[in-house]
Amino acid sequence: MDVQATAEILRVFDKLPDPRRANARHKLLDILTVALLAVICGADGWEEVEAYGKAKFQWLKTFLELPSGIPSHDTFGRVFARLDPEAFENNFRKWLGKLVDLSGGKLVAIDGKSLKRTFEQGWDKIGMAHMVSAFVQANHLVFGQIKTHGKGQELSAIEKLLKSLFLKGAVVTIDALGCQKSIAQAIIDAEADYLLQVKDNQPTLLAKIQSVFAEATLENFAGMISDSDQSIDGDHGRIETRRVWVLWNPEHLGPLAKEWPGLRSLVMVERTREVNGQVSKELHFYISSLDARRSAAQFLAYTRGHWSVENNLHWQLDVSFNEDQRRIRKGYGAENFSRLCRMALNQLKNEPTHKNGIAIRRHTCGWNNEYLLKVLAA
């Protein structure tokens, strides 16, 4: 059963190029597999990876070769610092291709996250690793990931990520940074649809959309192809009302409409929040390639679903995987360890029988080999 459950994971790593000399003492496949299993089981750094390997050595020997025993934490660190991150990512995506189905307009949210402790000096954060991830909202899986050369270079990373993913049939959401014509074109070229938030980085477009919706609201959307919907929820003394209006008349933007590839709809979302009698209101605007076959309720679900990347990915990586406290800084080590964490998170989320949170599931994997095998087979 051990070999059967781990076979798919071993195949993920089988074709990765080894960055070391031919006379290396430890097999690359063993190093990668032990590291992933250790991270699934709660390891948050290379010393913990080594400790896990030594504690589970006899069990690991049932499906790994380990000719020179468990590598030291320094060896793990050196290998992952030199391991080609693009090759690692390509193998990661091939494995995910079997898990992710984007047909039927499933939401793919693209967003970035800084790895806050990966800079060398406290006064110089230029070297901080920043990762852009594609997150499938339907099953909370990380679909792809790429490192940027600093937070300010996130846009070029988004373009590269879009071109490398198979997105046919998906609806891609990106915050205002991604509201660029080149991004919209890349999504259309991938045979997907987009929903892009419009903010001050596109001042002309934002002003025109605000004007269109202001006039439409005054005239009660007369003579326009439109739809609207709302949702209300609340807890702990907070009531939040979200209302959405969708216009399928992008020509009201004038010449601007023709500048945006595939543009078919304009969206306004009003969020009203009441907390202890205090009421606040926000308006958000979007452009989209989605046509009138989608309802306003679906647009509202997409705008809400985009922010699930914060709660279901970024928050879990910080709280359950201690990502913001990790001090891996050499070579490609930070982004490759981050990729291990996302692989581990995908596997843990895919195992349906355990009802506890991710942190407890990680501990359970470390305590119980049978449960770890369930996670690997998920």
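The values are calculated or read from the model by the stated rules, or taken from the named source; none is laboratory data. The structure displayed is predicted, hence computed values, not measured ones. Here Cβ is always computed from backbone atoms with ideal geometry, including for glycine, and neighbour counts include all displayed protein chains.
Computed quantities for the displayed model
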item	result
Which listed residue, of Ala51, Ala22, Ala35, is surrounded by fewer than 18 Cβ atoms within 10 Å (Cβ to Cβ), in a helix (DSSP H, G or I) and small (Gly, Ala, Ser)	Ala51
Residue in region 331-344 that is more than 16 Å from the chain's Cα centre (by Cα) and either among the basic types (Lys, Arg) or surrounded by fewer than 20 Cβ atoms within 10 Å (Cβ to Cβ) (or both) present	yes
Set Gln210, Gln197, Gln230: member being touching a Cys at 6+ places or on another chain (Cβ under 7 Å) and assigned by TED's automatic domain parsing to the domain that holds Thr173	Gln197
From Leu348, Leu317, Leu283, Leu263, residue being part of a strand (DSSP E or B) and either without any contact (Cβ under 8 Å) to a residue 12 or more places away in the chain or not small (Gly, Ala, Ser) (or both)	Leu283
Pair list, Cβ < 6 Å and 6+ apart or interchain, from region 245-258 residues that are in a strand (DSSP E or B) to residues that are of a type in the set (Val, Ile, Thr)	Val246/Val267
Output for region 345-369, where each listed residue is surrounded by 20 or more Cβ atoms within 10 Å (Cβ to Cβ), in contact with a Leu (Cβ under 8 Å, 6 or more places away or on another chain) and either hydrophobic (A, V, I, L, M, F, W, C) or on the phi > 0 side of the Ramachandran plot (or both)	Leu345, Cys365
Given (1) part of a helix (DSSP H, G or I); (2) surrounded by 20 or more Cβ atoms within 10 Å (Cβ to Cβ); (3) modelled with pLDDT under 95, number of the condition Phe76 does not satisfy	(3)
Glu282, sole failed condition from (1) in the same structural domain as Ala207 (by TED's automatic domain parsing); (2) of a type in the set (D, E, K, R); (3) within 30 Å of Lys61 (Cα to Cα)	(3)
Counted residues, region 248-270 - those being surrounded by 16 or more Cβ atoms within 10 Å (Cβ to Cβ), of a type outside the set (A, V, I, L, M, F, W, C) and touching a strand residue (DSSP E or B) at 6+ places or on another chain (Cβ under 8 Å)	6
All strands (runs of 3 or more DSSP E) inside region 128-212 with 3 or more residues being under 20 Å from Trp307 (Cβ atoms), aliphatic (A, V, I, L, M) and out of contact with any Pro (no Cβ under 7 Å at 6 or more places or on another chain)	130-136, 171-174, 193-198
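Let's see how each residue does on (1) surrounded by fewer than 23 Cβ atoms within 10 Å (Cβ to Cβ); (2) within 18 Å of Thr303 (Cα to Cα); (3) small (Gly, Ala, Ser); (4) at pLDDT 85 or above:
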| site | (1), (2), (3), (4) |
| --- | --- |
| Val132 | no, no, no, no |
| Phe143 | no, no, no, no |
| Gly169 | yes, yes, yes, yes |
| Val172 | no, yes, no, yes |
| Leu177 | yes, yes, no, yes |
